[in-house]
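The next block holds one structure in the form of structure tokens; read it before the comments.
What follows is calculated from the coordinates using simple rules that are stated; it is not laboratory data. The structure displayed is predicted, hence computed values, not measured ones.
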């Protein structure tokens, strides 16, 4: 059995002098009466799972502002055009959500990654869609906050979209949360010789967020709302790649408040043992973090971790006759 303890990512970022999330200007004074709606793509869909940025936001807001609510309207591959039109999110799911109690008060648009696949020629449409969406949401008495898109396969693809979002926010006098800036700054600070230190990789595949990225985004947004990027408990997300099951001991506790059933978490310092049990025909290969980093010494099917941060760990399996 192997044991792994990793320094808290928030502490590590602070020590490294790259805690960009803490430098984000305030965009809105969030209150216990606010209902935040996040419009997003696959990063937000994944962020709605344990240790994802949406769940981390909901937990921290619930701890600091009991009564505050977080909702997400999102789907994989979606771009800014999903917000608009008769079948779009604003006239559809969002207007339905306005019947909730409390009704939405703050709308956060976290889109642009899929728009960026069109390259530079897609920037004009991206800006046009955002401008129209901001108008529709303001008609619905929303405090609208724009974000810049994160990074995709490096820094260049989404860079012009980030610049366009900043310019539009200034034009519309709309608050902005600069996710591109904090993510690219982290990548730049921890890239040496053209290689990014996997312990600081904000993505797991060049676009979707790792546990590092989820914590970074959540911390950035919390700071922008005048809240603290701290949590009383830490969330854990696990997965198995290949045929097998995972036994977790002890099981996480369930927090109190809105959506607590979706936010199992552990008290800081809790030691958690993960045991991978392959199905017939499969064998355990290794443990990996969502950053893509292979866990040192993680070549045995039992791993003990210390919950000193939010974590996401996967067990990777292979067929018995496959080469390791």
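In table form, for the structure just shown:
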{"item": "Considering only the chain, percent of DSSP beta bridges that pair antiparallel, nearest 5", "result": "50 percent"}
{"item": "Tilt relative to the chain, helix 123-139 - C-alpha long axis, 0 to 90 degrees, to 10", "result": "70 degrees"}
{"item": "Contact order relative to length of the chain, as percent, for alpha carbon pairs under 8 angstrom and 6 or more apart", "result": "22 percent"}
{"item": "Principal axis dimensions, the chain - Cα atoms, whole angstrom, descending", "result": "58, 44, 40"}
{"item": "The chain: calculated mean residue ellipticity at 222 nm from DSSP helix runs of at least 4, using -39500 (n - 2.57)", "result": "-8000 deg cm²/dmol"}
{"item": "Two-decimal log10 I(q)/I(0) for region 234-319, as the Debye equation yields it once each C-alpha is a single scatterer, q = 0.12 Å⁻¹", "result": "-0.36"}
